[in-house]
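This report refers to the structure that appears directly beneath it.
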2 protein chains.
Amino acid sequence: MTDLVAPGGGARAERSHRLGRPPSTSRAELEEVALRLFAERGFDETSVEDIAAAAGIGRRTFFRYYPSKLDLVWGDFGAGLDDMRTRLAATPPEVPTMQAVRAGVVEFNRIPQEKVEQHRRRLGLILGVSTLVANSTLRFSQWREVIAEFVAARTGCRPDDLLPRVVGHCALGAAVAAYEGWLQGAGTDLAAMLDEALRLLADGCT
Amino acid sequence: MTDLVAPGGGARAERSHRLGRPPSTSRAELEEVALRLFAERGFDETSVEDIAAAAGIGRRTFFRYYPSKLDLVWGDFGAGLDDMRTRLAATPPEVPTMQAVRAGVVEFNRIPQEKVEQHRRRLGLILGVSTLVANSTLRFSQWREVIAEFVAARTGCRPDDLLPRVVGHCALGAAVAAYEGWLQGAGTDLAAMLDEALRLLADGCT
DNA sequence: ATCATAATGGCACTGAGTGTCGAAGGAGGA
DNA sequence: TCCTCCTTCGACACTCAGTGCCATTATGAT
């Protein structure tokens, strides 16, 4: 959904193309180069021209791999959303709605041990760099929509009714609060943080 | 807090300046001109140059009244925040926390009858134009902070602990959900919508 | 009239993002 | 081998937001 039709026909250049000039780089390589530059000089201090030069491509070509500098940071966000939607839809009806939401969100954020540090760096950018904080809202609206659709299906109303909207916004809010707490504390566990935040929500924030 | 030191020394040119060349326009006038143009052609289709020309000032001068095109839409947001902070701090201790939050948020959004349409247009821009949706996050973080500070004071913890953060994020989420519902329905009442949304939150989103 | 002061606006610059178009570089067929 | 097709590449030029710099302008005070 969020995916751009990047050169090579897929997200990476791994699949051998059949026709035409082969892509000279890949999204994965661009991300690697860019995230390194961001870590060294900062996001705002790194221009697209810098990234392109470091990756050995032209500035114009960068925008054929990503529609903007911001989008590069998000990785495969869309794929995760699809997973969450599927998992929520498969929840047995006897599980209470908010409990299903909590489980779904926690599962959405499950990351393999070896990718924890990378995830931390990405989230640090997303929640720390003001340009990206702003942009995140647009990304997260799709996230909220997944939740709202699930709640709407459960309660037999439309996704744009008040209750599904409130749950979507609040579940996201709780998740972001957990992200912030996780980034703030050094050795904390993201899953536990999320679970706790969503439990607070389900208990009426008391 | 959000206020820029605009020409004239204040938010408007009403207070006669003491020295130097008098401002050639005011924030209020710029807002009027700009919001009219936004309504006619759309936000993204209206350049700062257009606004400046319509207001009879230079492009460069526009940026002395507002730091960006986005900031123009928000009016006196900062003043409202200070009110909410004060009102929350003055809440009697016997009022439950979430009830105080609900009352505070509803009060924050109280608008005089004659300004309802203008408010609707502003909110429509803020929640409808993607550039502004993105920017809103930054504004709303101050809003969340006011709530989080109150909850922290009530529960005797720090504003960056999990509970205050969750309440801040969720109260904002509920409020935004209410805004969306209000904009969506024609003759709905914003205060009632907000009250309902925050009641849902306090009831654990069930 | 002259001076101090503050707003104005023109100019030039950076940086994101976009349209266009010719060139490059592979695969497959003649 | 050479030609053709197809796709990516990258250069150029453009719009627009935002910023630094600085001469100009309009006022009140002396």
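The values are calculated or read from the model by the stated rules, or taken from the named source; none is laboratory data. Computed from a predicted structure; not experimentally measured. Cβ sites come from the backbone with ideal geometry, for glycine too, and all protein chains shown count toward neighbours.
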Within the range B:171-199, considering residues that are acidic (Asp, Glu) and more than 8 Å from chain A (Cβ to nearest Cβ), the one farthest from A:Thr188 (Cα to Cα): B:Asp189
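Within the range A:92-99, does at least one residue satisfy the condition of being more than 30 Å from A:Val33 (Cβ to Cβ) and among the hydroxyl-bearing types (Ser, Thr, Tyr)?
Taking every residue of the range A:92-99 in turn, at least one turns out to be more than 30 Å from A:Val33 (Cβ to Cβ) and among the hydroxyl-bearing types (Ser, Thr, Tyr).
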Any hit, the range B:110-126, residues being closer than 20 Å to B:Val167 by Cβ, among the acidic types (Asp, Glu), within 20 Å of the chain's Cα centre (by Cα) and more than 14 Å from every other protein chain (Cβ to nearest Cβ): no
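Yes/no per residue for (1) surrounded by 14 or more Cβ atoms within 10 Å (Cβ to Cβ); (2) at positive phi; (3) in contact with a helix residue (DSSP H, G or I) (Cβ under 8 Å, 6 or more places away or on another chain):
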residue	(1), (2), (3)
A:Asp82	no, no, no
A:Val106	yes, no, yes
A:Glu114	no, no, no
A:Ile126	yes, no, yes
A:Val129	yes, no, no
A:Asn135	yes, no, yes
A:Ala148	yes, no, yes
A:Leu172	yes, no, yes
Candidate set: the range A:137-170, residues that are polar (S, T, N, Q) and free of Cβ contacts under 8 Å to residues at least 60 places away in the same chain; chosen: the one nearest to the other protein chains (Cβ to nearest Cβ): A:Thr137
Enumerated helices (runs of 4 or more DSSP H) restricted to the range B:34-103, each holding at least 3 residues that are away from DNA strand C (no atom under 16 Å from the Cβ): B:77-89
Residue match in the range A:1-17 (condition: among the basic types (Lys, Arg), modelled with pLDDT under 95, more than 10 Å from DNA strand D (Cβ to nearest atom) and within 22 Å of the chain's Cα centre (by Cα)): yes
Count of the range A:66-99 residues which are over 21 Å from the mean Cα position of the chain (by Cα) and within 15 Å of A:Ala171 (Cβ to Cβ): 5
